[in-house]
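J.: Below are the structure tokens for one structure; questions will follow.
Just so it is clear, none of the values below were taken in a lab; they were calculated from the coordinates. The structure presented is a predicted model; accordingly, all values stated were derived computationally and were not measured. Cβ atoms come from the backbone with ideal geometry, glycine included; neighbour counts cover every protein chain shown.
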Amino acid sequence: DGGITQSPKYLFRKEGQNVTLSCEQNLNHDAMYWYRQDPGQGLRLIYYSQIVNDFQKGDIAEGYSVSREKKESFPLTVTSAQKNPTAFYLCASSITGVVYGYTFGSGTRLTVV
Amino acid sequence: KQEVTQIPAALSVPEGENLVLNCSFTDSAIYNLQWFRQDPGKGLTSLLLIQSSQREQTSGRLNASLDKSSGRSTLYIAASQPGDSATYLCALSGGGADGLTFGKGTHLIIQP
């Protein structure tokens, strides 16, 4: 079945450490997205990419970095510059130019220890 | 900037009731509107997608409507069941594949 796979499901980060969240899709979607979800705040867009080797900042990009070397993959790195990284991270994808809607992965819960 | 508001923030009703969840938005220049369901600790499951030219969409016991002129969408759930308990999220796309703007959701509990 086609879908989006996020790994790991749970991730623990020590202070000052960089960590990378994986997102892979086999839907042949052009665009991919990273959202952050905090209790009571809703989902906020971190980064998005509409084509390979190109990406744009979302509303809360500070302290995060991404790459898009393959159409299927859009990893998110949470750097030590992100002062409050504890959150639930969701990856999504969509087809550009078509009213098709967005598909989401199952999420990664990141906790600072 | 688009702002999305969902009312109520939480709702608890007995099993079997019909209910309506509300979503309002400030900018009517939307591309489409999508309703999602989220179970605790899980990702988002798409329920219904309404294109900007459409007025409503139906799937089983769910019906979503869209009124762009008034900046409103409703999600109607008929004959609610305990399995419907979840958080329901409304999200809008402005086109251009630059992401969705989300409301904060309605946390729904259906009492057996």
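J.: Only four residue types carry charge here, +1 at the Cβ of Lys and Arg and -1 at the Cβ of Asp and Glu. Report the dipole size of chain B about the Cα centre in Debye, rounded to the nearest 20.
T.: Numbers: 8 positive and 9 negative charges, 24 e Å.
For this selection, approximately 120 debye.
J.: May I pose another question? In chain A, with Lys and Arg counted as +1 and Asp and Glu as -1 at Cβ, which of these residues, A:THR86, A:SER67, A:ASN28, has the Cα nearest the positive end of the dipole, that is, farthest along it?
T.: Looking along the dipole axis, the top candidate is A:THR86.
J.: Sort all Cα-Cα distances of the range B:1-87 into consecutive 5 angstrom bins from zero, then give the percent of pairs in each bin up to the one containing the longest distance.
T.: 3, 13, 24, 25, 20, 10, 4, 0
J.: For the pair B:SER59 and B:LEU11, how long in nm is the line joining their label points, each one 7 Å along Cα→Cβ?
T.: 1.8 nm
J.: Taking A:LYS71 as the anchor, which lysines have their alpha carbon closer than 25 Å to its alpha carbon, excluding any fewer than eight residues away along the same chain?
T.: By straight Cα distance, A:LYS71 reaches A:LYS9, A:LYS57, B:LYS42.
J.: For the range B:6-22 and the range A:1-80, what is the separation of their Cα centres, given in Å?
T.: 32 Å
J.: How many partner chain Cβ atoms sit within 10 Å of a residue's Cβ in peptide A:39-45, on average, as a whole number?
T.: Working: counts 1, 3, 2, 9, 12, 3, 5.
For this peptide, the per-residue mean of nearby foreign Cβ atoms is 5.
J.: Let me know the mean shielding of A:103-111 by other chains, meaning the per-residue number of their Cβ atoms within 10 Å of its Cβ.
T.: 3
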